[in-house]
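The values are calculated or read from the model by the stated rules, or taken from the named source; none is laboratory data. Keep in mind it's a predicted model, so treat the numbers as computed, not measured. A quick note on method: Cβ atoms are made from the backbone with ideal geometry, for glycine too, and the neighbour counts reach across all protein chains shown.
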Amino acid sequence: MRGLYAISLSAFTVMVGMGIIAPLLPIFAESLGASGMWIGVIFSAYSLSRLSFLPLAGRLSDKYGRRNILLVGLFLYSVISLLYITSRNPAELSIVRFLHGMSSAMIIPVAMAAAAETAVEGKEGYTLGIFNRSLFLGMASGPIIGGFVAELIGLRETFLGISLLSFITLIVSFTTFPEIEVKKSRVRMSKRILTPIIFRFLNSMGRGSILSFLPIYLALIGYGAATIGVLISLNLFVSALIQPVSGRIADRIGAELPVSTSAILSALILMLLPKTTGITALIALSVFLGVSSAFAIPAIGAMVAVEGRGGGMGELMATLSAAKSLGRIVGPVFSGALYDLFGGGLNGISIAFSLAAIISLFSLLIFFSFERLLLTTQKRERREQGLEPPR
């Protein structure tokens, strides 16, 4: 567990910096003249870069070690953070986001693979729940810090703080991050991997829309940067607290119930959000959105971690992260196009969130369809091998 907490500490400090950016980026992009489509492109650029570099980063960490790749990623992340300050238009901001995504591909998925390799067999969900708690606590702290700092000193200056924080994280990780013994076996891309990967893709499409347009919605109905940061942070804090518990539940009963609860609750909240303006109701929805996120993520991660025990954990975790990144590319772009098509403003927001709700329910349908198909295939193979009697 000591190694797990050291790994989690490095992830926590990195995610603080990422969390600072989350609520500020749409507002910063609009200040540079970005339309709804441009905002979608800016968010997607980060994920497109991650999608491109994640498989390579995973393979490199399997070959050269988790610690080495993570330290290189932290150095690049720190330097690239300074480029936000020099951005003058949406196109330049998109390029910076692309470069930032490249460096982040070398950090969190590599740390996640290291965390999964510390898990005791049968406790993969719980172990990844602890790791995810550090991620979400970091993301939750970031918006609060970013919102208040932006109001005090300005948006551009906030990015300087992110660079400094990333450099401190580099030093901390250099002294505390353990080197995990990596199995050199080739990665096993089994049928079992397909279900969590596709679910993660679809789930991230909907959540990408939330990250892109929730800050804009809250600003449209009159809330300032600090309040926006608090509401987003509350969502993440709640999710962080529940992650280990939901991971333990997934270890005991499997992924189906946690994933179902997550998808259905998310869809309901997404339909209600653009119809809600009161601060009390927004706080309640933010809390339940955090709960819905917490149920699915450790369960899905555990499914991949089990498959990675035979080798290639870095590449498998990178593939799962790539599915998330692909969803974050497609989701914001589709939502941004709908936002512009329906005239922007509150009406455009409502349409974008409705799409995200539909995607959430569709992800659940796909999850169950693939799980049933896999179960049927496994039973047929066992009958063919004579391991169980024919029907």
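Here are the numbers for this structure:
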quantity	calculated
Checklist (1) at pLDDT 90 or above; (2) of a type in the set (Val, Ile, Thr); (3) within 17 Å of LEU170 (Cα to Cα) applied to ILE95, failing item	(3)
Region 362-391 - residue that is at pLDDT below 75 and among the hydrophobic types (A, V, I, L, M, F, W, C) and, of those, surrounded by the most Cβ atoms within 10 Å (Cβ to Cβ)	LEU374
ARG88 more than 21 Å from LEU137 (Cα to Cα), surrounded by 18 or more Cβ atoms within 10 Å (Cβ to Cβ) and either of a type in the set (Gly, Ala, Ser) or in contact (Cβ under 8 Å) with a residue 12 or more places away in the chain (or both)	no
From the options SER47, SER81, SER61, SER52, residue that is touching a residue at least 24 places away in the same chain (Cβ under 8 Å) and surrounded by fewer than 24 Cβ atoms within 10 Å (Cβ to Cβ)	SER52
Residues that are β-branched (Val, Ile, Thr) and out of contact with any Gly (no Cβ under 9 Å at 6 or more places or on another chain), drawn from region 328-376	ILE349, ILE351, ILE366, THR376
Residues within region 256-278 that are of a type in the set (Gly, Ala, Ser) and either within 18 Å of the chain's Cα centre (by Cα) or within 12 Å of VAL291 (Cβ to Cβ) (or both), tallied	4
Residue in region 112-125 that is polar (S, T, N, Q), at pLDDT below 85 and either surrounded by fewer than 24 Cβ atoms within 10 Å (Cβ to Cβ) or farther than 24 Å from ILE180 by Cβ (or both) present	yes
ILE242 vs. criteria without any contact (Cβ under 8 Å) to a residue 40 or more places away in the chain, under 21 Å from PHE131 (Cβ atoms) and among the aliphatic types (A, V, I, L, M)	no
Residue in region 54-62 that is under 16 Å from the mean Cα position of the chain (by Cα) and part of a helix (DSSP H, G or I) present	yes
Residue match in region 322-338 (condition: of a type in the set (Ser, Thr, Tyr), surrounded by 24 or more Cβ atoms within 10 Å (Cβ to Cβ), out of contact with any Asp or Glu (no Cβ under 9 Å at 6 or more places or on another chain) and more than 18 Å from ARG59 (Cβ to Cβ))	yes
Unique match (being surrounded by fewer than 24 Cβ atoms within 10 Å (Cβ to Cβ) and assigned to a helix (DSSP H, G or I)) among GLY3, GLY73	GLY3
Filtered residues of region 137-160 (kept if more than 12 Å from GLY19 (Cβ to Cβ) and modelled with pLDDT of 80 or more)	PHE159, LEU160
Filtered residue count, region 283-314, keeping only those that are over 15 Å from the mean Cα position of the chain (by Cα), buried (at least 21 other Cβ atoms within 10 Å of the Cβ) and closer than 27 Å to LEU346 by Cβ	1
Selection within region 255-290 - of a type outside the set (A, V, I, L, M, F, W, C) and touching a helix residue (DSSP H, G or I) at 6+ places or on another chain (Cβ under 8 Å)	GLU256, PRO258, SER260, THR261, SER262, SER266, PRO274, LYS275, THR276, SER286, GLY290
Test result for ILE42, surrounded by 24 or more Cβ atoms within 10 Å (Cβ to Cβ), in contact with a Leu (Cβ under 7 Å, 6 or more places away or on another chain) and either β-branched (Val, Ile, Thr) or assigned to a helix (DSSP H, G or I) (or both)	yes
